[in-house]
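> Here's a structure for you.
What follows draws every value from the coordinates through simple rules; no lab data is involved. Computed from a predicted structure; not experimentally measured. Methodologically, a virtual Cβ is constructed for each residue, glycine included, from the backbone with ideal geometry; neighbour enumeration extends over all protein chains shown.
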Amino acid sequence: VRSFNSVLNVVVKAGRLDRGLDFYEHVIGCRKDIVPNVLTFNLVVKCLCRLGRIDRAVELFREMPNWDCVPDVFTYCTMMDGLCKVGRVDEAVSLLDEMQIEGCFPSQVTFNVLINGLCKKGELVRAGRLVENMCFKGCVPNEVTYNTLLHGLCSVGKLDKAVSLLNHMVSRKCLPNDVTYGTLVNGLVKQGRAVDATTLLLFMEERGMRPNEYIYSSLLSGLFKEGRVEEAMQLWKDMITKGCKPNTLLFSVLIDGLCRAGKPDEAKGFLSQMVDDGHAPNAFTYSSLMKGYFKAGNSNEALQLWMEMEANNCVRNLVCYSVLIDGLCEEGKLKEAMEVWEHMLGSGCKPDAVCYSSLIHGYCRAGLVEQGLNVFNEMLFQGGQCKPDVITYNILFDGLCNSNNISQAIDLLNCMLDHGCDPD
RNA sequence: GACUACCAAAAGGU
């Protein structure tokens, strides 16, 4: 079992989750001498969670006693994290009670997982209460706890609170690490304060820390989004001078930034460079670049990249399809856009509200509002992740009003309200 | 118990 677990762990760490599950099922099915133990279950539960098969994970978790396995802290933690990551925080919190009833003591990590779940949902008050509970149970908050809370504060824009928490953290002899700085830099950038983020970067360097790729990418992306192209390029050069080797993430951010600045050709030069450096472009890289070319009115080049993706076995996800569909629609190439749409459905990619809205916008622009409404009705019918949102409705209002169809627009407004969607 | 758990990052629609 130990060797089996080791192998399984390696497979899971490599991100080959489906392979991991197959391997598990295969081995358990035909090797009666290998009996899964708690650690095996912990790994498999993690696999199922990461694959989004959370209900199956819970099921397996409940079946453990049938295999003479008692869930341990790790099991509970893995299960709680899985639940939190799909937003089912309350169920995760109830496991905290359950584990204690079963005589299993929660650890620092257990609390961190739940605090993270609450912070991601914006439930900072509950998160704070959990920190108190944590201390009460004899668990000391560590860097991860603080980083999690800092991220929670930053994502609701409470940077002042974040700074006081940072001071508190230091006073508790908890040293800020890479993640701490990354969280703060990103928090500043998201507030449109890339200049302050640059200062923080300097501060961090003065303290002898070397910013990593995450930190550089946050800042770089922020500078480009604020239109500070010169500063962004200077940062890129400085970064390389300081010995930071750009990876796929950094190249993608740079390419995206240059495209936003209307320089897709320059961006494409970096695409070649990253490939030469041995970094494979991914869906992020290509979608940014394709959008850049569409924006510059060069759809041929965008399509070229689309083909290149296929040739390079780069997985085309929903965002890539959306960029392509939107770009083609904007050029009035509705027929081609529909072909891509069919191709997307055929590849098993399910359109979401953004993707549907791009298509609807395409029809409206071409004066085919009726067609747009058909697509809209399909969205309502499909439900789930492609429920129309405010933007979808706004696109249709615009289309209907432009064709002087006020009464249908009013009907649509009622439909919107009926579906619980708030106008902006 | 180094066979298992927690934190920061980039792309799409008005």
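> Strictly greater than 30 Å: what percent of every Cα pair in chain A meets that?
Values: 53001 of 89676 pairs.
When all Cα pairs of chain A are counted, 59 percent exceed 30 Å.
> Pick out, in residue order, every one of the trypsin sites (Lys or Arg not before Pro) in region A:18-62 that is DSSP loop and has at most 14 other C-beta atoms within 10 Å; say none if there are none.
A:Arg31, A:Lys32
> Angle between the Cα long axis of helix A:194-206 and the longest principal axis of chain A, 0 to 90 degrees, nearest 10?
Between the helix axis and the principal axis of chain A, the angle is about 40 degrees.
> Dipole of region A:356-424 (Lys/Arg Cβ +1, Asp/Glu Cβ -1, origin at the Cα centre): which of A:Leu359, A:Gln382, A:Cys401 lies farthest to the positive side?
A:Leu359
> Which whole-number percent gives the relative contact order of region A:25-178, counting Cα pairs below 8 Å spaced six or more residues apart?
RCO, region A:25-178: 15 percent.
> Identify which of A:Ala302, A:Ala194, A:Ala280 has the largest mean-square fluctuation in a Gaussian network model of chain A, with springs joining Cα atoms closer than 10 Å.
Looking only at A:Ala302, A:Ala194, A:Ala280, the largest GNM fluctuation is found for A:Ala280.
> Something else: Under unit Cβ charges (Lys, Arg +1; Asp, Glu -1), what dipole magnitude, rounded to 20 debye, does region A:1-113 have relative to its Cα centre?
580 debye
> What is region A:9-82's relative contact order, in percent, from Cα pairs under 8 angstrom and six or more apart in sequence?
Numbers: 64 pairs, mean separation 22.7, N = 74.
Computed over region A:9-82, the figure is 31 percent.
> On to the next question. Net charge near A:Gly157, counting Lys/Arg +1 and Asp/Glu -1 over other residues with Cβ under 12 Å of its Cβ?
Details: positive: A:Lys158, A:Lys161, A:Lys190, A:Arg193; negative: A:Asp160.
Local charge sum for A:Gly157: +3.
> Rank A:Leu150, A:Leu95, A:Leu220 by mean-square fluctuation in a GNM of chain A with C-alpha springs under 10 angstrom and give only the top-ranked residue.
Maximum fluctuation in the GNM of chain A, among the listed residues, is at A:Leu95.
> By how many degrees, 0 to 90 and rounded to 10, does the Cα axis of helix A:143-155 deviate from the longest principal axis of chain A?
30 degrees
> Read phi for every residue in region A:216-225 and hand back ³J(HN,Hα) as whole Hz from Karplus 6.51 cos²θ - 1.76 cosθ + 1.60, θ = phi - 60°, with x for Gly and Pro.
In residue order, the calculated couplings are 4, 5, 4, 5, 4, 4, x, 4, 4, 5 Hz.
> Counting alpha carbon pairs within less than 8 Å and at least 6 residues apart, what relative contact order, in whole percent, applies to chain A? Don't skip to the answer; put the middle values down first.
Numbers: 489 pairs, mean separation 24.2, N = 424.
The value is 6 percent.
> Taking the Cβ of A:Val10 as the center, what net charge do the other residues with Cβ under 11 Å away carry, scoring Lys and Arg +1 and Asp and Glu -1?
+3
> Please identify the trypsin sites (Lys or Arg not before Pro) of region A:198-281 that satisfy two criteria: DSSP loop assignment and at most 11 other Cβ atoms within 10 Å. Which are they? Please list the in-between numbers first.
Working: sites: A:Arg207, A:Lys225, A:Arg228, A:Lys237, A:Lys242, A:Arg260, A:Lys268; in loops: A:Arg207, A:Arg228, A:Lys242.
Loop-located and lightly packed - A:Arg207, A:Lys242.
> Positive end of the charge dipole of chain A (Lys, Arg +1 and Asp, Glu -1 on Cβ, about the Cα centre): tell me which of A:Ala283, A:Val170, A:Ser218 has its Cα farthest that way.
Farthest along the dipole direction, towards plus: A:Val170.
> Can I get the semi-axes of region A:209-317's equivalent ellipsoid? Compute them from the C-alpha gyration tensor as square roots of 5 times the eigenvalues, in angstrom, largest first.
Working: eigenvalues 109, 53, 22 Å².
Those come to 23, 16, 10 Å.
> Give the lysines whose C-alpha is closer than 19 Å to that of A:Lys13, dropping any in the same chain fewer than 8 places away, or say none.
Correct list for A:Lys13: A:Lys46, A:Lys85.
> Right, another one. Angle, helix A:406-418 long axis vs. longest principal axis of chain A, Cα atoms, 0 to 90°, nearest 10?
0 degrees
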